[in-house]
């Protein structure tokens, strides 16, 4: 078992991991909180402060992941930038499905 990355591609992808994890894990937390706040409180669109933080996190993730995909397209081998860009696209889709305009 390795604790540190070995290749240059892995070192470039390491700072992007928290943002990729946010894209995957924030949606269930948002759904649970939205269901809880809809049953307990009368807030605007039933999101409250935590919902706004989730949406802000998604927006930050889009920017960081797109910049990371650009850097990976220059530095890393093929495929790494495409995977990161797909996480950014998923984050954009989740922002538009969560955010109430």
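Sorted from fewest to most neighbouring beta carbons within 10 Å, what does the list 27, 11 look like?
Values: 27 17, 11 13.
Lowest count first: 11, 27.
In degrees from 0 to 90, rounded to the nearest 10, what is the angle of the helix 48-75 Cα long axis to the longest principal axis of the chain? Tilt of helix 48-75: around 20 degrees. Extents of the chain, largest first, come to 51, 32, 16 Å (Cα atoms, principal axes, whole angstrom). The sum of -39500 (n - 2.57) across all DSSP H runs of n ≥ 4, divided by the residue count of the chain, sets its helix-only mean residue ellipticity at 222 nm to -26000 deg cm²/dmol. The ranking of 30, 58 by Cβ neighbour count inside 10 Å, starting from the fewest, reads 30, 58. Please give the helix 17-40 orientation as an angle from the longest Cα principal axis of the chain, in degrees from 0 to 90, rounded to the nearest 10. Helix 17-40 and the main axis of the chain meet at about 10 degrees. Measuring between their Cα centroids, region 1-37 and region 55-72 lie 12 Å from each other.
Computed from the coordinates by the stated procedures, all read-outs in this text should not be read as laboratory data. The structure presented is a predicted model; accordingly, all values stated were derived computationally and were not measured. With ideal geometry, Cβ positions are generated from the backbone for all residues, glycine too; neighbour counts draw on all protein chains shown.
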